[in-house]
């Protein structure tokens with residue numbers, strides 16, 4: 001019992017108890033880091049990838065781990081410094097020791113050491129199991145992380161050891177008699193009186209502590225020290241703590257300002273550790289100065305920041321690059337304007353232009369043996385990087401097996417998010433090959449390009465730039481925009497794709513008109529009214545509402561917006577193609593909503609919120625051109641490439657608790673894609689009634705994980721094991737049956 005009592009009242013244990021009682025907000029930050037590292041939180045977005053295999057300059061190696069370790073060392077030291085500000089007043093005996101801050105750090109290390117053990121164990125397992133890293137590399141990487149921790153820790157600890165004063169450097173101990181009620185004070189705090197400590201009535205009683213040589217020493221009385229000298233020790237130590245915290249803040253802000261500089265684009269895990277250190281500093285400072293008022297002050301600060309960022313220069317929203325955002329140029333966005341865009345005259349004109357494209361498509365595909373070729377529509381699903389790679393794998397294999405007829409006979413590509421990234425890259429390779437470039441759309445190197453990391457630059461920009469305020473700017477087309485995670489996403493995507501996507505929307509108009517490549521229609525979701533923005537270099541007003549006969553036309557509401565027509569006066573043709581891709585895959589919170597120059601302003605989000613598979617838009621296209629299709633083609637083949645289960649397991653509600661019942665309506669959001677499937681099946685069945693039997697065929701290529709523990713996450717980063725699983729999944733019996741059927745249809 002005596003041993004347990006001695007352990008409980010040891011300085012390390014009492015510090016942990018104090019943190020749990022008084023500093024839960026800062027402990028939560030440790031919990032968040034642990035959850036990210038273990039995959040318990042953020043796995044859906046791939047946060048554990050960033051934590052456990054940090055990348056620097058596109059490589060995971062000793063250097064990337066060392067930088068991350070150094071950042072963790074900074075976080076640990078800021079943790080010590082911040083809690084020292086908050087806790088040291090409760091332990092006056094510290095001021096009587098030589099190197100008080102050093103001893104405090106040693107005794108305050110239980111929580112950082114616990115996290116370090118968890119992190120290293122999770123990282124070693126992830127490198128071995130998911131990244132298929134050799135044992136030697138794992139040891140080398142782990143050594144890099146530990147080296148970074150030790151280097152920065154010893155540097156900062158040494159610096160503070162030299163600059164921090166202890167009582168022996170300020171005044172030698174002398175006789176001192178306490179006065180009743182006398183208090184040792186530091187800014188914003190009340191310390192226990194010496195008499196209270198002597199009587200043992202202080203709340204945070206400590207019996208022993210660890211020294212630098214890991215020996216246990218008993219806490220001695222401080223009654224013979226002048227309280228004013230003790231106060232000077234704490235104040236001087238606190239000043240050094242504040243200086244280190246300011247330097248950490250400046251380091252984060254400098255990173256954001258130079259986000260284009262690869263040298264300063266440190267691993268996201270390192271930036272997250274630096275951000276955590278900033279969180280320690282912020283909450284520690286508020287608690288230190290405002291004590292019981294700290295919750296009110298934190299809420300007030302957030303409200304003030306929210307108000308300031310709604311005004312003038314500080315009111316920043318992400319934009320689509322290349323188009324005109326000047327106030328006097330904003331496009332009218334109301335129902336009357338939408339009706340005018342979808343007028344019978346406009347629709348007839350766009351239909352006529354598209355039929356000309358279809359005629360050219362027919363001329364390229366019709367043969368004497370087969371004068372009425374099958375029309376192929378490609379529909380790809382959202383799903384981050386896994387959908388991008390799955391789309392590329394499927395299109396490449398299917399195009400190879402059909403001797404190039406798949407891409408050649410395709411008239412349109414629709415879909416959402418990652419699937420459109422993969423399809424756009426293959427389409428660009430198809431175009432370049434047509435004009436004589438030494439590249440093939442079925443080259444395996446394209447998959448390697450698309451499989452490169454995109455999550456690290458996004459996360460880096462969020463943590464080092466977007467959480468503060470975007471200041472740096474760049475020029476796109478004729479206009480200037482601010483740099484944020486949207487900018488860095490587009491830049492990294494284009495770099496990964498060899499710079500091939502560095503084009504304007506209008507640059508694809510002529511190749512589409514000549515039927516050199518299939519048309520591609522993006523359809524991001526508009527938050528304000530649930531319509532979809534239809535982005536294409538061609539006029540597509542005929543897709544703005546469901547096709548209906550004359551009698552029902554007035555009863556059918558416009559549910560889409562032709563981007564080109566809406567922004568005809570805002571240089572809509574100059575839209576960066578990467579911005580069109582980004583708008584279509586703007587996953588909430590990961591990428592910023594895109595604010596558009598309309599009156600009133602509207603925002604675009606991921607196309608998957610309206611049609612995650614592109615099937616609805618493809619069916620509408622077929623319905624609009626049904627007469628031409630019947631007369632000129634042998635039917636329609638819809639190639640549906642998806643990364644989500646179509647038939648899902650039904651979850652029971654039998655044993656749901658009261659809290660679960662209360663929040664169960666919110667779970668409907670997770671069923672959006674299931675509801676889309678039902679609606680698209682209904683539309684497909686109705687379309688089947690318009691055509692003769694067998695003239696509308698749907699072929700699905702469905703990603704099912706070969707091994708459940710290898711299933712690729714919906715992230716902008718994939719591990720080596722996940723990439724292998726995506727490649728292997730194409731050879732499942734279900735997908736091979738679809739491939740054989742496609743081969744037969746396109747003979």
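Return the ratio Rg/(2.2 N^0.38 Å) for the stretch 1-142, where Rg is computed over Cα atoms only.
1.24
I'd like to compare 619-629, 65-75: which one has the highest average count of other Cβ atoms within 10 Å, and what's the full order after that?
65-75, 619-629
Which entry in (1) 170; (2) 196; (3) 144 is this structure's computed volume of the Cα convex hull per residue in Å³?
Derived directly from the coordinates: (2).
If you take the alpha carbon radius of gyration of the stretch 510-597 and divide it by 2.2 N^0.38 Å, what ratio comes out, to two decimals?
Ratio of Cα Rg to 2.2 N^0.38 Å: 1.19.
Suppose each label sits 7 Å from its Cα in the direction of the beta carbon; what would the residue 247-residue 645 distance come out to in nanometres?
Calculated label separation equals 5.3 nm.
Using only the alpha-carbon atoms of the stretch 569-639, report the extent along each of the three principal axes, biggest first, to the nearest angstrom.
Sorted largest first, the three principal extents are 43, 30, 23 Å.
Arranged from highest to lowest average of other beta-carbon atoms within 10 Å per residue, in what order do the peptides 316-324, 451-459, 631-639 appear?
The peptides rank, most packed first, as 451-459, 316-324, 631-639.
Measure out, as a whole number of angstrom, how far apart the alpha-carbon centroids of the stretch 275-294 and the stretch 442-521 sit.
When both Cα centres are located, 38 Å separates them.
On C-alpha positions alone, give me the angle between the axis of helix 344-365 and the longest principal axis of the chain, in degrees, nearest 10.
So the helix axis and the longest Cα principal axis differ by about 80 degrees.
Based on DSSP, what percent of beta bridges with both residues in the chain are antiparallel, to the nearest 5?
40 percent
Roughly what angle does helix 733-745 make with the longest principal axis of the chain, taking Cα atoms, 0 to 90 degrees, to the nearest 10?
For 733-745 against the chain, the angle is about 30 degrees.
Return the FRET efficiency for the residue pair residue 258, residue 208: r is the Cβ-Cβ distance, R0 is 51 Å, and the value is rounded to the nearest 0.05.
According to the calculation, E is roughly 0.60.
First measure r as the distance between the Cβ atoms of residue 471 and residue 626, then evaluate 1/(1 + (r/R0)^6) with R0 = 45 Å and state the FRET efficiency to the nearest 0.05.
After rounding to 0.05, the efficiency reads 0.25.
For the chain, what does the helix formula give at 222 nm: sum of -39500 (n - 2.57) over DSSP H segments with n ≥ 4, over the residue count, nearest 500 deg cm²/dmol?
Mean residue ellipticity, 222 nm, calculated: -16000 deg cm²/dmol.
Could you check the simple spin-label distance between residue 335 and residue 656, using points 7 Å along Cα→Cβ, in nm with one decimal?
Placing both labels 7 Å beyond Cα along the Cβ direction yields 3.5 nm.
Given a Förster distance of 22 Å, report the FRET efficiency between residue 509 and residue 366 from their Cβ-Cβ distance, rounded to the nearest 0.05.
Numbers: r = 24 Å, r/R0 = 1.09.
It comes to 0.40.
Would you mind checking the stretch 722-747 for residues with the amide N under 19 Å from a putative spin-label position 7 Å along Cα→C-beta of residue 692?
Within reach of a label on residue 692, which here means backbone N under 19 Å from a point 7 Å along Cα→Cβ, the stretch 722-747 contributes 745-747.
I want to check the label-to-label distance for residue 353 and residue 443. Put each point 7 Å from Cα in the C-beta direction and report it in nm to one decimal.
3.2 nm
How would you rank 710-719, 416-425, 291-300, 374-383, highest first, on the average number of other Cβ atoms within 10 Å across their residues?
The densest-packed peptide leads the list: 416-425, 374-383, 710-719, 291-300.
Can you bin every Cα-Cα distance in the stretch 47-86 into 10 Å intervals starting at zero and give me the percent of pairs per bin, rounded to whole numbers?
29, 39, 22, 9, 0
Roughly what angle does helix 417-434 make with the longest principal axis of the chain, taking Cα atoms, 0 to 90 degrees, to the nearest 10?
Between helix and principal axis, roughly 50 degrees.
How large are Rg and Dmax for the stretch 309-443 when calculated on the C-alpha trace, in angstrom?
Over the stretch 309-443's Cα set, Rg and Dmax evaluate to 20.2, 67 Å.
Please list, by residue number, everything in the stretch 82-102 whose backbone N is under 18 Å from a paramagnetic label point 7 Å out along Cα→Cβ of residue 298.
Correct set: 82-87.
For the stretch 386-531, compute the orientation-averaged projected area of the C-alpha convex hull (one quarter of its surface), in nm².
If you wrap the Cα atoms of the stretch 386-531 in a convex hull and average its projections, you get 10.4 nm².
Read-outs: derived from the displayed coordinates by stated rules, not from any lab. Predicted model only: the values in this text are computed from it and were never measured. A quick note on method: Cβ atoms are made from the backbone with ideal geometry, for glycine too, and the neighbour counts reach across all protein chains shown.
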